[in-house]
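Beneath this line is the structure, given in structure tokens, with notes to follow.
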Amino acid sequence: MKTHSVCFPILATLALSAAVTIANVSNNNAPRGVSPSNAKLYVPDNVNNWSCLDGSKTIPFSAVNDDYCDCIDGSDEPGTSACGTGQFYCANIGHTPSNIKTSRVNDGVCDEECCDGSDEYDGQTQCPNVCEEVGATAREENDRIQSVQNEGARLRRGFIKHGKANKVLLTNELETLRSQVDHVQLALNDARDAANEAQEAYLEGSKSEREATRKQQLEPLIQEQTKRLKYASEVRDMLKLTLQSLKENHNKNFHDMAVKGTVSGFDDYIVAQGEKTETVEDDLATLSSDRQFDALMDETSVVLRDIGTLHDLLDGMKRDYNTEYNDEAVLAAVKVTDDFEITWDSSRLDFADVEHLVLPEELPVDSPEAEKFRDAMDSAQEVFNDASGKESKVQEGIRDIERKLNMDFGPDETFAQLVDNCFDFKDTEYTYSVCLFGDANQNSHSSTHLGKFSGWEGDNYDVQMYTGGAKCWNGPERSVKLVMSCGTTTEIVSVTEPEKCEYLFKLQTPAVCPIPEGEVDEQEHQQEQQQVEEGEEHTRKHDEL
Ligand code: MAN
């Protein structure tokens, strides 16, 4: 770097002339490092002076690029690194011109931005001019991007056309469906009434046959269950008697707390028994087989519960009574408890399924009379099913269309084409999937919900958010940011997890390819025209029906 010094005028003059020869020359007439568009700013005044671009100083024009920094803004050294803060212009003929910081001039590094090597001109470092090749590659890449964008824009125009036409179509369809609601609901109500009537007619008309068949079907079960109930009731009564005898005969002078507790528990049981309202039907034989069966089952569970309560009382005493008292009554009760535990354990299995036993389905009755009623009932049921299907279809249709019409598919309806379209991406560990405007998931042996579409981010309609996914262990609920870029197909090109449980999906799609300006207006006009025509056509068809 040169110094302005009055002490060494000869050295200074030599250095200045060297600097002028190496630094002040450039391809255009401007000083080195100055772009053609800035050349007009580097012209000396009539006394060969020049002012810094920030106006901070006036210096001799010969001091521009003299490798000494005079101006605060560094504008006097566009072609040397003396200031370091200015811009050095590389013409890069054969590629695209660029500007680099002047600190990178002659720093021994061939800067990529200066493919012509003009940033290293001091002879210390040889930088070949590679602008032709680099330019050719860049042009090829630009051509590729351009053709992707052209094709993408063509496809996007198709999306827009579809989206706008679809909106008109959906609006019309919604109107049609809404006009059908009353009709299908009425038909459904009528069909329901008819089906109920037919069922009642069947039940009434086939009553005696059905009851006979049912009786036959349930008889063995009822017999079996009656036997079990009888056995269980005997066991319960035996436990009750045991406790009753313990209560009466134990030696009250011993004040054995375990015995006292059991006796008072038994008293409570007896009181509760007395308070219980009788639920068992008195005369089972007068009931229908179904009721008989139910009553038996209910009674069995009551008896089983009682056995459990009484045994708990005896068992409590058995564990805690004072053996030293040798109270006969207590010993007798303990003996009964031991015997009970052995026999009950082996017979308990018979009751194991009792609590879960459910009534078997009714067998069909096959008399011709009953069959007639059943056929009528079946066909009324079919009509009802059909009416119910139609009604659900209309309601679901309305819901589905309302959902789609309420969605934000962008100002030109581009994204209507992609709603509910699903895409997968497989990495080494998971297969990620997203159904656009729906849900995102992470799948391996099981599926983890990553979020539900919650809206667009920003105003560009190219970033979607999916939130409220499965909670992350020790972290937030999972979520997905889906970032779109232009492509000729719609597909996920990468999935990453930049933050724990926050996923980044990159999706390429024609839906975000730029449409050259001006084209949109023309297209919009054509589309509006087309929508009007399609709408009219739909209304005409609807009216014809
Ligand atoms: C699972 C996956 C990962 C996530 C961890 C968080 O392994 O969902 O993507 O980072 O859970 O614990």
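The values are calculated or read from the model by the stated rules, or taken from the named source; none is laboratory data. On a predicted model such as this, the values are computed, not experimentally measured, just so you know. Please note: Cβ atoms are built from the backbone with ideal geometry, for glycine as well, and neighbour counts cover all protein chains shown. To get the accessible areas, we keep the full protein, side chains included, count just its heavy atoms, and leave off ligands, DNA and RNA. Shrake-Rupley method; radii C 1.70, N 1.55, O 1.52, S 1.80 Å.
Order 314, 186, most accessible first, counting only protein heavy atoms with a 1.4 angstrom probe.
Details: 314 0, 186 115 Å².
Highest to lowest solvent-accessible surface, that is 186, 314.
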Residue 240 accessible area, 1.4 Å probe, all protein chains in place, Å² to nearest 10: 60 Å²
When each of 404/471; 240/260; 240/335; 164/506 is checked by Cα-Cα distance, pairs over 19 Å: 404/471; 164/506
Net charge of neighbours whose Cβ lies under 10 Å from the Cβ of residue 479, counting Lys and Arg as +1 and Asp and Glu as -1: 0
Probe 1.4 Å, accessible area per residue of the chain, Å²: 59 Å²
Förster radius 60 Å - calculated FRET efficiency between residue 270 and residue 499 (Cβ-Cβ, nearest 0.05): 0.30
Lysines with Cα under 16 Å of residue 207, excluding same-chain neighbours fewer than 8 positions away: 215, 372
Simple label model, 7 Å out from Cα along Cβ direction - residue 54 to residue 167, nm: 5.2 nm
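How high is the relative contact order of the chain, in percent, with contacts defined as C-alpha pairs under 8 Å that are six or more residues apart?
Answer for the chain is 13 percent.
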Shape box of the chain [Cα atoms, principal axes, largest first, Å]: 138, 88, 38
The chain, accessible surface, carbon-and-sulfur percent (1.4 angstrom probe): 51 percent
Linear extension gain, residue 146 paired with residue 287, 0.36 nm per residue minus alpha-carbon span: 42.1 nm
Under 20 Å from residue 318, Cα to Cα: aspartates and glutamates that are on another chain or at least 8 residues apart: 237, 248, 256, 267, 268, 306, 327, 328, 338, 339, 341, 345
Area accessible to solvent at residue 457, 1.4 Å probe radius, in Å²: 80 Å²
Cα-based shape type of the range 296-449, given that a ≥ b ≥ c are square roots of the gyration tensor eigenvalues and the cut on a/c is 1.5: oblate
HN-Hα J in Hz across the range 477-488 - Karplus 6.51, -1.76, 1.60, θ = phi - 60°, x for Gly and Pro: 5, 5, 8, 10, 10, 10, 10, 9, 9, 6, x, 8
Residue 344/residue 430 FRET efficiency (R0 56 Å; Cβ-Cβ; nearest 0.05): 0.55
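Sort 490, 309, 286 by heavy-atom solvent-accessible area, probe 1.4 angstrom, most to least.
286, 309, 490
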